[in-house]
Amino acid sequence: MTAIVTTGVGDFDRLVLSEVPKPMAGLGEVLVQVLAAGVNNTDINTRLGWYSSTVSTATNESSEGLDALGEGRADGGWNGATPFPLIQGADCCGRVVAVGDGVDSSIIGARVLIRACMPLGPDGSDETEWLGSDRDGAFAQFTAVRARDVFPVESAWSDAELATIPCAYGTAENMVSRAGITAGTRVLVPGASGGVGSAVVQLAKRRGAYVIGIASAAKRERVIEIGADEVLERGHDHGAQLGSQSVDVVIDNVAGPEFGSMLAVLRHGGTYVTSGAIAGPIVELDLRMLYLGDLRLIGCTSWDKHVFADVVSYIERGEIRPLLECTYPLSEIVAAQRDFLHKRHVGNVVLIPPRLSDALASEHAP
């Protein structure tokens, strides 16, 4: 099959268009024909080695300055042991074409989303692995995953629209849920035009929150369209604009130098939630602000058990909408990731693998 193989930590030349053996569905697994695969920060950060503790720069700066990163280091993922060479791709919309032993064959033919954050223990423990970071993912014509990680979805959305969902919306819903957002909660969302940020805006609004986004002036109207009640322009003094103790929750995947100002606008007992740091992971924290304000800081990586099933149900009930900016052929992954890193879009960029007909995919399934 055709796949993009990431050969190790480094620049775009680590993304190699290759012909590799098609995976087989093992015990308890299904084989999925990939119909569309989203582009996201997780895949780029893993390739850059950004999760290493030796890296202190923003994602964009890391991409532009690989000498500072130490190109060629072995650790690309947060577990310090990314299994390169690896087929990346955390976001997958696909169709089940074969099943392994122990899996009901009635799922063959179903259009599915794959849960990007995969629980390893049957008891719902926090131990997980990530599609495209810990095991081969969606930047290929086929991928094999455990049957419990595929979720059939009934929707009129296109394959590309569905592929915008797994990583961004799963991550966003996990943060919204853990923050306890309900009707009337005042929520501030830095980076509201990005994949996760725009998902947070929608998911907080469906719970009845009052949402304040931060985005560039060029993206303001788009962020309003997806549900934000207010949009503040990026680069301004948001503490002065909002005032102290003016929001209940900050959901922030930007971080960087604005971290302190995000804490300053939280009310007494407020909550700061994060699952990323695209503007830089090293921040300055005044502990007095934290403890005198009785603030709660929540870091989110592993998804709670109910999260992805909930997201799929929101799609099927029409409670959220996809934000698809554009698509690229899988072979143009470098152009797609460059486009994504420029952050000119609102929403997501998606890759389309070379297509096989459903009949041909089934005929060649093991």
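The values are calculated or read from the model by the stated rules, or taken from the named source; none is laboratory data. Here the structure is a predicted model, which means the values were calculated and not measured. Counting neighbours? That spans all protein chains shown, and the Cβs are built from the backbone with ideal geometry, glycine included. Just so you know, the surface numbers come from the protein's heavy atoms only, side chains and all, with ligands and any DNA or RNA stripped out. Shrake-Rupley method; radii C 1.70, N 1.55, O 1.52, S 1.80 Å.
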- Query: With θ set to phi - 60° and the Karplus curve 6.51 cos²θ - 1.76 cosθ + 1.60, what are the ³J(HN,Hα) couplings of the stretch 272-280 in order, to the nearest whole Hz, using x for Gly and Pro?
  - Reply: 10, 10, 9, 9, x, 7, 5, 8, x
- Task: Evaluate the relative contact order of the chain (contact order divided by residue number), counting alpha-carbon pairs under 8 angstrom at least 6 apart; express in whole percent.
- Result: 19
- Would you tell me the accessible area of C300, worked out with a 1.4 angstrom probe on the heavy atoms of the protein chains, in Å² to the nearest 10? 10
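Could you order H342, H306, H238 so the one with the most accessible surface comes first? Probe is 1.4 Å.
Of H342, H306, H238, the descending order of accessible area is H342, H306, H238.
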- Task: State log₁₀ I(q)/I(0) for the stretch 269-308 at q = 0.27, 0.30, 0.32 Å⁻¹ as given by the Debye formula over alpha-carbon point scatterers of equal weight, solvent excluded.
- Result: -1.01, -1.07, -1.11
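Projected area of the stretch 134-268, taken from the Cα convex hull and averaged over every viewing direction, in nm²?
Numbers: hull surface 41.0 nm².
The number I arrive at for the stretch 134-268 is 10.3 nm².
Quick check: with the 1.4 Å probe, what order do Y328, Y210, Y169 take by accessible area, largest first?
On the way: Y328 45, Y210 75, Y169 0 Å².
Ranking Y328, Y210, Y169 by accessible area, largest first, yields Y210, Y328, Y169.
So, counting K/R as plus one and D/E as minus one, what does the shell of residues with Cβ under 10 Å around G270 add up to?
Working: positive: R186, R267, R296; negative: D248, D294.
It works out to a net charge of +1.
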- Query: Of all the accessible heavy-atom surface of the chain, with the other protein chains kept in place and a 1.4 Å probe, what percent is carbon and sulfur?
  - Reply: 50
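Once the mean 1/r over all distinct Cα pairs of the chain is inverted, what Kirkwood radius in angstroms do you read off?
Final number for the Kirkwood radius of the chain is 20.8 Å.
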- Can you tell which of T7, A144, A116 lies farthest toward the positive end of the dipole of the chain, using +1 and -1 charges on the Cβ of basic and acidic side chains (Lys, Arg; Asp, Glu)? A116
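As a test of the formula, what do you get for the chain when each DSSP H run with n ≥ 4 contributes -39,500 (n - 2.57) and the sum is divided by the residue count, at 222 nm and rounded to the nearest 500 deg cm²/dmol?
Values: 13 runs with 96 residues, N = 366.
It comes out at -7000 deg cm²/dmol, rounded to the nearest 500.
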- Ignoring ligands and nucleic acids, what accessible area does M24 show with a 1.4 Å probe (Å², nearest 10)? 130
- Short version: what are the Cα gyration tensor semi-axes of the stretch 117-177, square root of 5 times each eigenvalue, largest first, in whole Å? 20, 17, 12
- Pull up all non-local amide H partners of D91: gap of 5 or more, or a different chain, and H-to-H distance under 5 Å with H placed in the peptide plane. G38, A138
- What do you reckon, how do E129, E19, E325 stack up by accessible area (1.4 Å probe), largest on top? E19, E325, E129
- Message: I need to check one value: relative contact order of the stretch 154-270, counting alpha carbon pairs closer than 8 Å and at least 6 residues apart, in percent.
- Response: 24
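Please work out the average accessible area per residue across the chain, using the 1.4 Å probe convention, and give it in Å². Walk me through the numbers on the way to the answer.
On the way: 14490 Å² over 366 residues.
Ligands and nucleic acids excluded, the figure is 40 Å² per residue.
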